[in-house]
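Worksheet: one structure, shown below.
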Amino acid sequence: MAEFVLPDALKHWGADLHMKNYSSICMLVLLLLLQTASSRSKLGAQAATSVGTPAHVSKPIEGSSDKPLITIDGLCDNSVKGKSEAASCKTVITRSQFERVMDAAQPNMPTRGRREFAENYIDALVMAKKAEQMGLDKGTNYEEQMKLARIQILSQDLKRVIREKTSQISDKDVEDYYQTNIARFERAEVERIYIPKSQQKPSASEVKLTDPDGQQYSQDADQTMKTEADNLHTRAATGEPFTKLQADAYQAAGIKSAVPNTDLEIRRVSLPPSQILVMDLKPGEISPVFSDPNGYFIYRIKSKETLPLDQTREEIKAILRAQHLQEEMQKIQDSATSTVDEGYFIR
């Protein structure tokens with residue numbers, strides 16, 4: 001009985017792709033199918049699709065994984081001879097065979113995508129056979145494409161194995177990270193004032209400015225808002241409500257949209273680096289005026305607490321997985337060095 005053969009590596013391919021475009025998946029499946037026609041033994045393949053005449057198709061067990069799922073009439077192996085024999089031959093793909101291919105393309109593929117994948121897979125099989133008949137599986141270009149496909153598969157499989165390895169995080173690792181990085185898990189309830197960096201420019205219907213006038217207006221508007229930020233900080237220190245100060249900040253900037261809420265919950269990890277020292281303040285203290293490209297910020301601490309370990313356990317596991325994965329990948333990258341002739345790329 002003649003057979004198409006898929007490489008073992010295909011059983012794992014796509015574990016990390018999470019593609020939604022099943023047509024793209026099938027293109028690489030097609031590429032691998034083309035390879036198997038000429039080099040099955042090179043990849044230690046296992047049969048996934050049986051091709052032969054109806055007389056050669058074994059009867060599947062009802063309800064079993066060997067029950068036919070897809071039948072393609074007229075798709076024959078090259079060993080089939082004669083027009084009558086070729087016309088009656090078929091390719092039968094069982095449920096278990098199809099599921100292996102599907103898992104290779106995308107593990108746990110959503111049910112809604114399986115039918116589209118099956119249709120594209122059938123098209124790929126038919127196209128692969130036609131490509132073989134045209135001799136497209138011969139020549140240097142084909143061989144280089146298969147080398148690239150092999151590199152991609154092995155690289156993705158390695159990443160998958162490393163991810164599985166580094167995903168194992170012990171309770172002790174979690175507890176040690178928590179104790180060592182306890183400040184990371186502080187949470188504060190704060191009030192915050194946001195002061196826009198510049199005043200809004202008047203509309204063209206209100207004021208017409210030449211280019212020099214426009215530049216001067218922008219400079220003056222920037223200085224006005226910086227001064228306003230300092231004044232608001234002084235008023236905050238005297239105890240004025242932050243809601244009132246925020247409304248005044250928007251009025252000074254000429255912004256007519258809704259005033260943002262001043263009450264927030266923050267953590268160190270949620271703050272930009274320039275504002276992290278807010279977390280070092282005590283309840284009741286007011287921060288200095290922070291400046292960044294988006295505007296000015298003033299904080300007042302209302303309360304602080306440290307999140308318990310049980311609330312941070314999954315977060316810590318995610319952090320450690322990412323760290324361990326990066327470390328393992330870096331070890332592999334550091335195991336080899338490369339040099340590139342940069343002149344080639346700038347010719």
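Points worth noting:
- Residue check for residue 347: in contact (Cβ under 8 Å) with a residue 24 or more places away in the chain and of a type outside the set (Asp, Glu): no
- Tally, over segment 85-141, of residues that are more than 24 Å from residue 157 (Cβ to Cβ) and touching a Pro at 6+ places or on another chain (Cβ under 9 Å): 6
- Residue match in segment 250-263 (condition: touching a residue at least 12 places away in the same chain (Cβ under 8 Å) and within 13 Å of residue 188 (Cβ to Cβ)): yes
- Residues satisfying the stated conditions in segment 118-169, i.e. hydroxyl-bearing (Ser, Thr, Tyr) and at pLDDT 90 or above: 121, 142, 155, 166, 167
- Residue, farthest from residue 195 (Cα to Cα), within segment 244-293, restricted to residues that are β-branched (Val, Ile, Thr) and not in a loop (DSSP other than H, G, I, E, B): 269
- Residue within segment 278-290 that is under 32 Å from the mean Cα position of the chain (by Cα) and either closer than 21 Å to residue 169 by Cβ or of a type in the set (Asp, Glu) (or both) present: no
The values are calculated or read from the model by the stated rules, or taken from the named source; none is laboratory data. Every value quoted in this text rests on a predicted model; they were computed, and no experiment measured them. FYI the Cβ positions are ideal-geometry reconstructions off the backbone, even for glycines, and counts take in every protein chain you see.
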